[in-house]
Structure formats: C-alpha cells, structure tokens
Amino acid sequence: MKILLVGEYREGKTLGTCAELIEFASRMGGEAAMFLVGSKNTLPNFSGNLYLADSAGVGEFNPDGHKKLLLEVIAKEQPQLVVFPHSSYGWDLAPRIALVLKAAQVSEVVDLTEDTLIVPSCNSKLRRQVKVKTALTVVTLQAGAFTPQDQASATPHIIELAGAEPGTINFSGYEAAAAGGVDLSKAKVIVSAGRGIGKPENLSMIDALAKALNGEYAASRPVVDADWAEHSRQVGTTGQTVAPKLYIACGISGAIQHLAGMKKSEFVIAINTDKDAPIGEVADVLAVADLKQLVPLLTERITSG
Amino acid sequence: MMNILVCIKQVPDMESRFKVNAAGNWYEDTDLAWRMNEYDEYAVEQAVQLKEQVGAAELTVLCIGPERVKETMKKALAMGADKGMHILDPDSHQRDPMTIAAVIADYVRQHNFDLIFTGMQSQDRGSAQVGVLVAEMLGIPSLTTLVEFSYADGTISAKRELEGGSRALVSCNTPALVTCQLGLNKPRYPTLPNIMKAKKKELLTAPLADFSPPELQQQTVAVFLPEKRGGGLILEGDPAELAEQLLKIIKDKTTVLA
C-alpha cells in the first residue's frame, strides 16, 4: 500500500502530529511519503520522500494553495491512502482533497482492523467501524491515538515543490492566546469545573475545594465559553495542558479535547452524575453524584481534617 | 436582499445512555432526548445576528432527517430564522458526509445564497466534513472553526481557532460558507412570544430523492461500546459517605494532604 502523509507546520515549527502520522504509516505497513508546507530548517524525523513547499512563499494558511500543491503530489505518487492529523489544519484541508479525488474521507480515526477504520461517535461513548468503497481513502487521525514509539533519528529525502498562487482566502497572521492569568502547569492540585456546575455561582464551591487542597481551580471549555471562567483557566487542547498530583473533575463529561489536556495527571477523581461519562476512562475514581452536593461536603471534610 | 442559509442537525443529548440498534450500525433511537447539535446553535445565532445587522435579509434553516427533526428546526425559527426547509430522510443516519453535502449543495444551487452557516461538526458523527464539502461543491470559499465572525460590504473577517489557544486571522468575500466552533457567540434562548411566532413560519418538507443523492462511498459495518480501559473505582451512594471515602482515597493515594 502506498500512503501519503500530510504534515502540519505552524508559526515556524513542524508540529508533533507529524510523528503520529509516521507511526500510523508504520502500523499500516505501507510505503509512505510525506507532503509538507513548511521549512528546511525544521524537518520531520522521517526517512522517506518529503515533498516540501516553502511556507514563506505559499503561506502557512492558504487552503487553495495547499490543495493545489497536494493534488500535484498525489497525481505523482498515486497513493491509496492520504493521511492528515484531525486538527484545525487537517479537518480544513482534507475534505477539499477528498472531493476532487472522489475519495471517501473517514475522520478522527482511532484504530484500524485489516479492512475497516474505527472512529468515535457521541463524545466517545460509541465506536463506529467503517468500511470504505472508494479506490482512494482520505483519513484524519485523532490526536494521541497513534502515539509514536521511540523513532530512530532520520532525515527525509527532500523533493522541493514550487510556490502556489494566493487563493480565495486571505490570511493575515496569528493572534496569540491571551497572555497572563493563571499558570495551571505549576499547580499540584487542580479542581476543575465542567458544564455540570449548572450556573456561574457554583464556581465558588469549586474554588473553595481547590483552596482547601492548596490548589487552583480550572474549567472545561463550556464553562469558559459561557464566560463563567477566564480562558487562562481552561484545560484542554485549546487551553492549558496540566499534570498535577491530583486532578478532580467536577461535572466534566470528558470530551477528547479536555482529556488531552489532563490525562497526564498522577491521580484523577471524577465527580459526575453520568456513570457512562467518558471522563471515567481516565479517572482512578469516579464518584457518581451531584457535584453540588458532594463538593461542599468534601471541602468541609478536608478542612475539618 | 441578502439570502442566508443555516444548516443544522438534530442529535441526541450526549448525556444519554446509548445502546446499539438492532441492525448494529448506529445507536438505538428510541428513548432519547433530541436537541440541536451544539455547534449549530452557534451557527444559528451568528446567522440571526447577521440578519439583524444587515436588515434586508432572509434567513432559511435547512435540516435533513426524519420527521422528528422538525422540532429542532422550530427552535431555529424561534431564535430568528425566517423559514425552514426540511429534507425528509428517515435513513439520514446511514448517509455519509459526501451524500449529505451533495444534497445540501443541490438545494443551495436552486436558491443562490450569499452566505451559508454550519456547525464545524456534529456531536454524534463528528466528521467535520460537510460544511467544507458543500462549499467546495459550490466552488465558493469556506472558513472553518470560527470563534469570531464579522461581516461588512461583502467581506467576512473571522478568527479560526487553532490548537494551543491561538487564532488565525482570515477573511474572504461572499458568497462563502463558514463553519462555527463552540464559543463563537452566546446562543440566545427563544422567548415565549418568539416560540409562538415560529409556529406560523413557513416550514416546507421535500423528500431526499428530490436532491439527487449520490451513491455511498463508505458504510458503517458495526457500532459498539468502547472497552472500558483500566480499573477505575466507581463509588456510588450517599454524598456524605462519598465525601468520607474520597477524603480517605486522597490521603492514601496522593501526597497532597501530607
């Protein structure tokens, strides 16, 4: 099988997802080449052919331009499988390619069997096994699903691609995440609030438990989106990545984006009314309870010794 | 007159306890509470805000699915959409993203929309493909994963959310399609008078066959519950006793109270 990996590069860096693509290719046991709009100064740890376009000329974000270059490489390589990371770059570009190639696209692949791909459904409560009927398949890989083994250091064989024209979408730069706020990465204990807190006033009980444990309070995405907590307290893919000694997830269902930000915590306690909540997958202890009852009681027990 | 479309999907409440259906290819759809896909709530809100901003505009809400999806469409009408187009398909759960996109694109070709809003993905299927595919089929630009949106004089200026919390500043001209990320705005709750008004709004239904659906490119061969990993302890019971148990666990298993 011939596989083409589509690497990801942003703000002057080749992203770590490239290693996951390479891991996926080695699990598939195919012959892999890589496409990257990036830079010679930061190459992926890859030993195959690397079709490299200079991002300085093409633009880091230029869907029409990247699409045109990638289609040229696909025409030359004739792969059966084109692999993207399931990321803001991958899910934007992959369907543009799949349509032109009349290829089925299977998104957020977490595993595979001999002739099927496995993807999550319903906030990871279900798995769906998918069979593709087209000659060429496009997939995007869930972040973290194909964790790379220790890979020997390698240098790709570079095949340079000429620049592309600007497309219909203008890209004028990046806005950094809001600076300042709380550095959660230093906290030994984090008590985190999810949608289950119900209303902003209940954040104070989360904060009280965090203080009783000499820790910081944090929040999952819905709580930050509702402006109940500031963005610097958000744990997850688009917030902070944390690894405290103790993480208490209160009313957090456990979307993959949240788990990615906290799964390295040493000990995880989840408090949730939903016994099937995906947070249970990473929790050492799941207390099935209404956090609004349990959290104040726990705070009281801790402070009274 | 600006012609705006918002595409929505009806999904089960994600807190539901899911069971695999008899065919083994999706979830059992009885005994579920249905709601609007959360991403689409942001899409509807943004579309309504745009309509309010430009004044001379008409907003259509489109939904594909069985009869029950009309209830979810009524919420979009109560939020401020002017009329609804229901594409009736009892088997929508077996369609792949390319089919759904082709049907939407076929509808759009008949109506010339200036701007199309969709959620960036659905909560149940999560392919994150349909919006981009529709735009590509129509040959118009698409901006995805938006957390900020503004419109002036035929130009959309927006911010795309990226991993790590930074954002890409992007723009394009209409006609265009945008896919909405969580947090883009604050979706409004329909008021009672607006819920009443929505009942009188036009809600047309047409069968899927009217929109030349293509053949499936992919098929679900099985749906199953993921294996439970690890041996996480599950505690249930009286909250006061749970608090006692958790305190002991924190003392025994961690050093944070040492």
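The values are calculated or read from the model by the stated rules, or taken from the named source; none is laboratory data. This is a predicted model, so every value here is computed, not measured. Here the Cβ positions follow ideal geometry from the backbone for every residue, glycine too, while neighbour counts run over all protein chains shown.
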> Which members of segment A:189-210 meet the condition of being closer than 15 Å to A:A255 by Cβ and crowded, with 21+ Cβ neighbours inside 10 Å?
Replying inline: A:S192, A:A193, A:G194, A:G196
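Results for (1) modelled with pLDDT under 95; (2) part of a helix (DSSP H, G or I); (3) crowded, with 22+ Cβ neighbours inside 10 Å; (4) hydroxyl-bearing (S, T, Y), shown as yes or no for each residue.
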position	(1), (2), (3), (4)
A:R27	yes, yes, no, no
A:N41	yes, no, no, no
A:P44	yes, no, yes, no
A:G57	yes, yes, no, no
A:V82	no, no, yes, no
A:D92	no, yes, yes, no
A:V100	no, yes, no, no
A:Q105	no, no, yes, no
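Would you point out which residue out of A:T241, A:T303 is closer than 23 Å to B:V256 by Cα, at pLDDT below 95 and more than 17 Å from the chain's Cα centre (by Cα)? Spell out the reasoning first.
Working: A:T241 fails: more than 17 Å from the chain's Cα centre (by Cα).
Unique residue meeting the criteria: A:T303.
Using the structure shown, decide if A:S192 is touching a residue at least 40 places away in the same chain (Cβ under 8 Å) and either assigned to a strand (DSSP E or B) or out of contact with any strand residue (DSSP E or B) (no Cβ under 8 Å at 6 or more places or on another chain) (or both). Full working, then the answer.
Numbers: touching a residue at least 40 places away in the same chain (Cβ under 8 Å): yes; either assigned to a strand (DSSP E or B) or out of contact with any strand residue (DSSP E or B) (no Cβ under 8 Å at 6 or more places or on another chain) (or both): yes.
Taking the combined requirement at face value, the residue satisfies it.
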> Would it be correct to say that A:V83 is within 21 Å of the chain's Cα centre (by Cα), of a type outside the set (S, T, Y) and within 9 Å of another protein chain (Cβ to nearest Cβ)?
Replying inline: no
> Looking at segment A:268-300, which of its residues are under 22 Å from the mean Cα position of the chain (by Cα) and either among the hydrophobic types (A, V, I, L, M, F, W, C) or more than 7 Å from chain B (Cβ to nearest Cβ) (or both)?
Replying inline: A:V268, A:A270, A:A277, A:P278, A:I279, A:V282, A:A283
> Pairs, please: C-beta under 7 Å, at least 6 apart or cross-chain, first residue within 12 Å of A:F35 (Cβ to Cβ) and in segment A:57-84, second among the polar types (S, T, N, Q)?
Replying inline: A:F84/A:T140
> Tally time: how many residues in segment A:211-228 are surrounded by fewer than 23 Cβ atoms within 10 Å (Cβ to Cβ) and more than 9 Å from chain B (Cβ to nearest Cβ)?
Replying inline: 4
> Looking at B:A222, is it surrounded by 14 or more Cβ atoms within 10 Å (Cβ to Cβ), in contact with a Gly (Cβ under 6 Å, 6 or more places away or on another chain) and at the interface with another protein chain (Cβ under 7 Å from one of its Cβ atoms)?
Replying inline: yes
>> Within segment B:154-162, does at least one residue satisfy the condition of being crowded, with 16+ Cβ neighbours inside 10 Å, within 24 Å of A:V235 (Cα to Cα) and touching a residue at least 60 places away in the same chain (Cβ under 8 Å)?
In response: no
> All but one of (1) out of contact with any Phe, Trp or Tyr (no Cβ under 8 Å at 6 or more places or on another chain); (2) among the polar types (S, T, N, Q); (3) surrounded by fewer than 19 Cβ atoms within 10 Å (Cβ to Cβ) hold for B:Q217; which doesn't?
Replying inline: (3)
> Name the pairs whose Cβ atoms lie under 8 Å apart, with the first residue in segment B:107-122 and within 14 Å of chain A (Cβ to nearest Cβ) and touching a residue at least 12 places away in the same chain (Cβ under 8 Å), the second among the small types (G, A, S) and part of a loop (DSSP other than H, G, I, E, B), and 6 or more positions between them or separate chains?
Replying inline: B:M120/B:A128; B:Q121/B:S127; B:Q121/B:A128
> Conditions: (1) within 9 Å of another protein chain (Cβ to nearest Cβ); (2) part of a strand (DSSP E or B); (3) within 30 Å of B:T144 (Cα to Cα). A:G167 meets all but one. Number of the miss?
Replying inline: (2)
> For segment A:276-294, does any single residue satisfy the condition of being of a type in the set (S, T, N, Q), in the same structural domain as A:K188 (by TED's automatic domain parsing) and modelled with pLDDT under 95?
Replying inline: no
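Here is a yes/no grid of residues against (1) in contact with a strand residue (DSSP E or B) (Cβ under 7 Å, 6 or more places away or on another chain); (2) assigned to a helix (DSSP H, G or I):
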position	(1), (2)
B:A23	no, no
B:E41	no, yes
B:V44	yes, yes
B:A47	yes, yes
B:K51	yes, yes
B:E58	yes, no
B:I64	yes, no
B:T72	yes, yes
B:L77	yes, yes
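Going by the structure shown, is A:A255 touching a residue at least 60 places away in the same chain (Cβ under 8 Å) and within 30 Å of A:L141 (Cβ to Cβ)? Spell out how you get there, then give the answer.
Details: touching a residue at least 60 places away in the same chain (Cβ under 8 Å): yes; within 30 Å of A:L141 (Cβ to Cβ): yes.
Here the answer is yes, as A:A255 does meet what is asked.
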> Mind checking which pairs have a first residue in segment A:277-305 that is free of Cβ contacts under 8 Å to residues at least 60 places away in the same chain and a second that is among the aromatic types (F, W, Y), Cβ under 7 Å, 6 or more apart or different chains?
Replying inline: A:D284/A:F267
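I need the strands (runs of 3 or more DSSP E) fully contained in segment B:109-212, keeping only those with at least 2 residues that are on the phi < 0 side of the Ramachandran plot and charged (D, E, K, R). First the steps, then the outcome.
Working: elements: B:115-119, B:142-152, B:155-161, B:167-173, B:176-180, B:203-207.
Per the criteria, B:155-161.
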>> As an exercise: evaluate A:K186 against (1) buried (at least 18 other Cβ atoms within 10 Å of the Cβ); (2) at pLDDT below 95; (3) more than 13 Å from chain B (Cβ to nearest Cβ); (4) more than 28 Å from A:A104 (Cβ to Cβ) and give the number of the one condition it does not meet.
In response: (1)
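Any idea which residue in segment B:25-39 is nearest to B:V134 (Cα to Cα), counting only those that are in a loop (DSSP other than H, G, I, E, B) and touching a residue at least 40 places away in the same chain (Cβ under 8 Å)?
First, pick out the residues of segment B:25-39 that are in a loop (DSSP other than H, G, I, E, B): B:25-26, B:28-33, B:37.
Cutting the leftovers down to touching a residue at least 40 places away in the same chain (Cβ under 8 Å) gives us B:25-26, B:29, B:37.
Values: B:N25: 25, B:W26: 24, B:D29: 27, B:N37: 18 Å.
Looking at the filtered set, the residue picked out is B:N37.
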> Given B:E163, B:E136, which one is at pLDDT below 95 and facing chain A (nearest Cβ under 7 Å)?
Replying inline: B:E163
> Which of the residues spanning segment A:165-176 are touching a residue at least 60 places away in the same chain (Cβ under 8 Å) and out of contact with any strand residue (DSSP E or B) (no Cβ under 7 Å at 6 or more places or on another chain)?
Replying inline: A:E165, A:P166, A:G167
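The rows are residues; the columns are (1) over 23 Å from B:L216 (Cα atoms); (2) away from every other protein chain (no Cβ under 14 Å); (3) touching a Gly at 6+ places or on another chain (Cβ under 6 Å).
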residue: A:V73; (1), (2), (3): yes, yes, no
residue: A:P79; (1), (2), (3): no, yes, no
residue: A:G90; (1), (2), (3): no, no, no
residue: A:K131; (1), (2), (3): no, no, no
residue: A:L141; (1), (2), (3): no, no, no
>> Could you check segment B:76-105 and list, in sequence order, the residues that are of a type in the set (K, R) and touching a Lys or Arg at 6+ places or on another chain (Cβ under 8 Å)?
In response: B:K83
